[in-house]
Amino acid sequence: DLADNNFNHLRQMGGLGASYYDGYHINIVNPASYAFLNSTAFDVGVFAKHTTIKDSKASNQIWGGNLEYFSLAFPLKNPINEIYDNVRTKYKLGMAFTLMQHSSVNYDIGYIDSLSNGEQFSRNYQGTGGTYKVLWGNAIRFKNVSFGVNLGYLLGKLKYENKLQFDATEFAYADLYGNDFRMKGFIWNAGFIFTDVINKSAVAKNRTTPVKRISLGIHANSATSFSTDYTINHVLLQQLPGNIFNTDTLQIKDSIPGKGKLPAELGIGATFFSGEKFSFGVNYTTTLWSAYYNEASGDTKGSLKNSQKLSVGGHFRPNYKSFDNFFDRVYYRYGLYYNTDPRVVGGNQLNAYGLTFGFGMPFVYQRKISHVNLGFNFGIRGQNTPISEKFVKISLGVTFNDDEWFLKRKYN
């Protein structure tokens, strides 16, 4: 499974990373958003997921969860200084550092098979591990246009094991085949955001009029290469009386160099904002998985198909200035999405769709307004294929804000 680069508050809206920006939340999908930050933000996210996997014969329910990301982002010019100096600069700068999961492998599949003479044996397939990425992003905003770039490093370790065993046959050999590999490589992506106020004349006449804005965004990256170092172990294992094991090595290959290529991606989107009260956006992303290959895992070029994702969503906030009603200050977020998966099962490309919603709850920490983002994702993947999946994902993100970084002190 690939991790979603949208942080919790964006996932609750279906995934609007191309065009959505917020002065107090981090968006790494489009690095141009860093230049819109008004405050330093530290974001950490965790999740729990309940999955029901079903085929034609069996159904299993699984709970899982993990820490997803750490991210720190901040404006390099504190907006409060402009208020103190009564000077508006034409450009703004932002920077971000992120550590997050890129992909995860965790499966354990077993079934009973038989030979032509009726003798039964078991097959078992296991996979564990994952990859992680470290990102450094920078953005510059000039008037209504912002541009940003993320530079990163990807690394991780994955382990695959296949086992064939004759459980009912005494002293039979079990066949064990393992493939472990480490991967590493540089990654990057860039993005633009254009934003403009569409009711300038109304705001000029009445300063209390909510500002209505439109934001258009695009982000992209080219295909990037990575290298692998992998090991192959193929042995026969026989258990003898007295818990003694007899091993026959068929193949051992260590530190085999390999290479692969990650896919290019393009995302576009638009979001409408009505003051602090309402937003609605649409997002489209395509990833060119048909060009992906990995020598270590045996994935050849063309083994996967290009994927697409379409999402819509937004938020509603009754009254962010309310002093006596906490629920009026809460972000109520909603979203829908549909995407095609790069994997093909039974000649059919997998697809997935789901409903998202969540709550952005403000709280005071060290006299600063910060946020707890609690989100839910109800989805279905692989419907009408040999294996289908229904899941409920519960995500929790906490964003701590601090507006005193790079603050110019003045004394009388």
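The values are calculated or read from the model by the stated rules, or taken from the named source; none is laboratory data. Please read all numbers here as calculations on a predicted model, not as lab measurements. Cβ atoms come from the backbone with ideal geometry, glycine included; neighbour counts cover every protein chain shown. Please note that ligands, DNA and RNA were not included when accessible areas were found on the heavy atoms of the full protein model with its side chains. Shrake-Rupley method; radii C 1.70, N 1.55, O 1.52, S 1.80 Å.
Of the set (1) of a type outside the set (S, T, Y); (2) open to solvent by less than 20 Å² (accessible area, probe 1.4 Å); (3) touching an Asp or Glu at 6+ places or on another chain (Cβ under 6 Å), all apply to R381 but (2). For region 371-386, a residue qualifies if it is in a strand (DSSP E or B) and either closer than 30 Å to V345 by Cα or of a type in the set (G, A, S) (or both), and the qualifying residues are G375, F376, N377, F378, G379, I380, R381.
Across region 203-225, the qualifying residues are those that are hydrophobic (A, V, I, L, M, F, W, C) and out of contact with any Leu (no Cβ under 6 Å at 6 or more places or on another chain), and the one among them that is surrounded by the most Cβ atoms within 10 Å (Cβ to Cβ) is I218. Within region 326-341, residues that are part of a helix (DSSP H, G or I) reach partners that are open to solvent by less than 50 Å² (accessible area, probe 1.4 Å) and not hydrophobic (A, V, I, L, M, F, W, C) with beta carbons closer than 9 Å, at six or more positions or on different chains, in the pairs F326/P362; F327/P318; D328/R317; D328/P318; D328/S322. Scoring K253 on the criteria (1) free of Cβ contacts under 8 Å to residues at least 60 places away in the same chain; (2) surrounded by 16 or more Cβ atoms within 10 Å (Cβ to Cβ); (3) of a type in the set (K, R) leaves a single failure, condition (2). Residues in region 346-370 that are in contact with a Pro (Cβ under 6 Å, 6 or more places away or on another chain) and in a strand (DSSP E or B): I369 alone. Look at region 3-29: where a residue is within 16 Å of Y353 (Cα to Cα) and in contact (Cβ under 8 Å) with a residue 40 or more places away in the chain and a partner is open to solvent by 10 Å² or more (accessible area, probe 1.4 Å) and aliphatic (A, V, I, L, M), sitting 6+ places away or on another chain with Cβ atoms under 6 Å, you get G14/V312; G14/L336.
The number of residues in region 282-329 being over 21 Å from G346 (Cβ atoms), surrounded by fewer than 21 Cβ atoms within 10 Å (Cβ to Cβ) and not polar (S, T, N, Q) comes to 21.
Tallying residues that are in contact (Cβ under 8 Å) with a residue 24 or more places away in the chain and either open to solvent by less than 30 Å² (accessible area, probe 1.4 Å) or of a type in the set (V, I, T) (or both) within region 173-202 yields 12.
If you go through region 77-101 and keep only what is modelled with pLDDT of 90 or more and either of a type in the set (S, T, Y) or outside any strand (DSSP E or B) (or both), you end up with just T98. Given the criterion under 28 Å from P257 (Cα atoms) and touching a helix residue (DSSP H, G or I) at 6+ places or on another chain (Cβ under 9 Å), identify the matching residue among N189, N221, N179, N162. Only one candidate passes the filter, namely N189. What do you reckon, is K157 within 24 Å of H234 (Cβ to Cβ) and touching a Gly at 6+ places or on another chain (Cβ under 9 Å)? Yes; evaluated as a whole, the condition is true for this residue. When we screen S33, S59 for residues that are exposed (fewer than 13 other Cβ atoms within 10 Å of the Cβ) and not basic (K, R), the only hit is S59.
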